[in-house]
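Single-structure report; data block below.
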Amino acid sequence: MTDPIRIANCSGFFGDRLSAAREMVDGGPIDVLTGDWLAELTMLILSRIRAKQPGRGFAGTFVTQMEQVVGTCLDRGIKVVSNAGGLDPAGCADAVRAVADKLGLHPTIAYVDGDDLLPRLAELSASGALRRFDDGNAPDGHDLGDPTRYVTANAYLGCWGIVDALRRGADIVITGRVTDAAVVMGPAAWHHGWARDDWDALAGALVAGHLIECSGQVTGGNYSFFTEVPGLDRIGYPWAEVSSDGSSVIGKHDGTGGVVSIGTVTSQLLYEIGGHEYHNPDVTARFDTIRLEQVGPDRVRVSGTRGMPPPPALKVAMNRL
């Protein structure tokens with residue numbers, strides 16, 4: 001069995017606290033720094049930025065954060081995995097490379113693409129490959145409209161591109177549109193050497209990723225009883241310590257605001273779910289099998305998650321003006 005891997009989150013949305021990357025790197029021991037920048041609306045925002053500034057269809061705040069922490073991450077062997085590449089992961093990788101060059105540093109940077117379906121939208125629509133969530137039918141011409149009106153169309157990819165990049169020695173992995181949990185699942189699967197059909201382990205990592213994907217939500221920001229949460233004005237961001245069987249401990253750096261309790265973890269578990277089966281490109285997690293245990297102050301153990309094969313199709317998000 002390999003040792004657990006501690007994966008920290010420094011962003012839950014485009015525009016989250018800029019100092020969070022440094023806080024997570026300097027505030028306590030971590031193995032991987034991750035973050036999520038890409039809500040569905042963010043893809044539209046990035047398309048508007050790219051229209052005004054070609055080659056800038058990514059989250060520039062991530063590049064700023066990398067300038068703050070890349071040297072420390074290299075010194076400590078901390079990997080960085082982020083979906084801040086948005087609509088242009090290659091451009092984001094180039095921007096981070098430029099920052100590293102300016103600092104005299106030489107990280108190995110990888111990017112994962114393949115999610116952009118906009119050039120193929122007319123073809124996919126005509127072939128009937130696109131199916132609506134609500135009834136499973138292929139959209140007709142009226143529903144899709146003119147394919148050229150769309151400014152983004154991105155499939156939600158899973159974690160295995162990230163795993164491949166880490167196996168090849170990447171220090172920093174930048175993706176386009178992957179699932180929110182993929183930036184946690186990828187490092188866990190790489191570290192523990194999981195196979196693609198290690199369903200229970202992958203499901204456990206999916207739950208861990210779901211819990212920490214939105215930065216301060218699991219540390220009290222998504223908790224109905226927020227008046228009971230200390231330090232909410234400067235909430236600490238979470239980490240997940242993922243074990244080889246997929247179980248995890250959710251926590252935060254000592255001395256930071258917020259709280260990690262069975263209540264806050266349960267609240268985040270229930271965030272954006274549609275039933276007891278949580279679908280993902282890599283695995284389906286059975287949320288009715290999860291067990292929670294408070295194992296210490298601001299430490300909640302998540303275990304027992306059972307996994308099943310993933311659904312046969314990928315989610316696609318599209319934006320049009």
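The values are calculated or read from the model by the stated rules, or taken from the named source; none is laboratory data. All values derive from a computational prediction rather than experimental measurement. We place every Cβ from the backbone using ideal geometry, glycine too, and count neighbours over all the protein chains shown. Surface accessibility is based on the protein's heavy atoms, side chains included, excluding ligands, DNA and RNA. Shrake-Rupley method; radii C 1.70, N 1.55, O 1.52, S 1.80 Å.
Just a few scattered comments:
- Test: residue in segment 232-241 that is aromatic (Phe, Trp, Tyr), in contact (Cβ under 8 Å) with a residue 40 or more places away in the chain and not in a loop (DSSP other than H, G, I, E, B): yes
- Restricting LEU130, LEU144, LEU121 to those that are at pLDDT below 95, over 17 Å from GLY176 (Cβ atoms) and open to solvent by less than 20 Å² (accessible area, probe 1.4 Å) reduces the list to LEU144.
- First in segment 101-117 and modelled with pLDDT under 95, second anywhere and open to solvent by 80 Å² or more (accessible area, probe 1.4 Å) and in a strand (DSSP E or B), Cβ under 7 Å, 6 or more apart: none
- Evaluated against (1) within 27 Å of HIS210 (Cβ to Cβ); (2) surrounded by fewer than 19 Cβ atoms within 10 Å (Cβ to Cβ); (3) under 19 Å from the mean Cα position of the chain (by Cα), PRO29 falls short on exactly one condition, (3).
- Scope segment 96-112; condition out of contact with any strand residue (DSSP E or B) (no Cβ under 8 Å at 6 or more places or on another chain) and either open to solvent by 40 Å² or more (accessible area, probe 1.4 Å) or closer than 13 Å to VAL81 by Cα (or both); matching residues: ALA98, ASP101, LYS102, LEU103, GLY104, LEU105, HIS106
- Residues of segment 166-200 satisfying the condition of being open to solvent by less than 10 Å² (accessible area, probe 1.4 Å), in a helix (DSSP H, G or I) and among the hydrophobic types (A, V, I, L, M, F, W, C): LEU166, ALA182, VAL183, VAL184, MET185, ALA188, ALA189
- Of all residues in segment 65-75, those being open to solvent by 10 Å² or more (accessible area, probe 1.4 Å) and touching a residue at least 24 places away in the same chain (Cβ under 8 Å) number 5.
- Candidate set from segment 249-285 (those that are assigned to a strand (DSSP E or B), out of contact with any Pro (no Cβ under 7 Å at 6 or more places or on another chain) and in contact (Cβ under 8 Å) with a residue 60 or more places away in the chain); member that is nearest to ASP200 (Cα to Cα): ALA285
- Filter pass, SER19 being over 26 Å from GLU272 (Cα atoms) and open to solvent by less than 50 Å² (accessible area, probe 1.4 Å): yes
- Candidates ARG132, ARG120, filtered to the one that is assigned to a helix (DSSP H, G or I), of a type outside the set (A, V, I, L, M), free of Cβ contacts under 8 Å to residues at least 60 places away in the same chain and closer than 21 Å to LEU314 by Cβ: ARG120
- Candidate set: segment 290-319, residues that are in a loop (DSSP other than H, G, I, E, B), among the aliphatic types (A, V, I, L, M) and at pLDDT below 95; chosen: the one least open to solvent (accessible area, probe 1.4 Å): ALA313
- Counting only residues that are crowded, with 21+ Cβ neighbours inside 10 Å, farther than 21 Å from HIS192 by Cα and not aliphatic (A, V, I, L, M), segment 239-289 holds 6 of them.
- Count of segment 26-46 residues which are in contact with a Lys or Arg (Cβ under 8 Å, 6 or more places away or on another chain) and either part of a strand (DSSP E or B) or of a type in the set (Lys, Arg) (or both): 2
- When residues of segment 76-93 are limited to those that are outside any loop (DSSP other than H, G, I, E, B) and over 13 Å from ALA21 (Cα atoms), the one most open to solvent (accessible area, probe 1.4 Å): ARG76
- The lone criterion from (1) in contact (Cβ under 8 Å) with a residue 40 or more places away in the chain; (2) open to solvent by 20 Å² or more (accessible area, probe 1.4 Å); (3) in contact with a Lys or Arg (Cβ under 6 Å, 6 or more places away or on another chain) left unmet by ILE49 is number (1).
- All positions within segment 145-165 that are in contact with a strand residue (DSSP E or B) (Cβ under 8 Å, 6 or more places away or on another chain), assigned to a helix (DSSP H, G or I) and within 21 Å of LEU46 (Cβ to Cβ): ARG149, GLY161, ILE162
- Residue in segment 36-48 that is more than 23 Å from ALA317 (Cα to Cα) and of a type in the set (A, V, I, L, M, F, W, C) present: no
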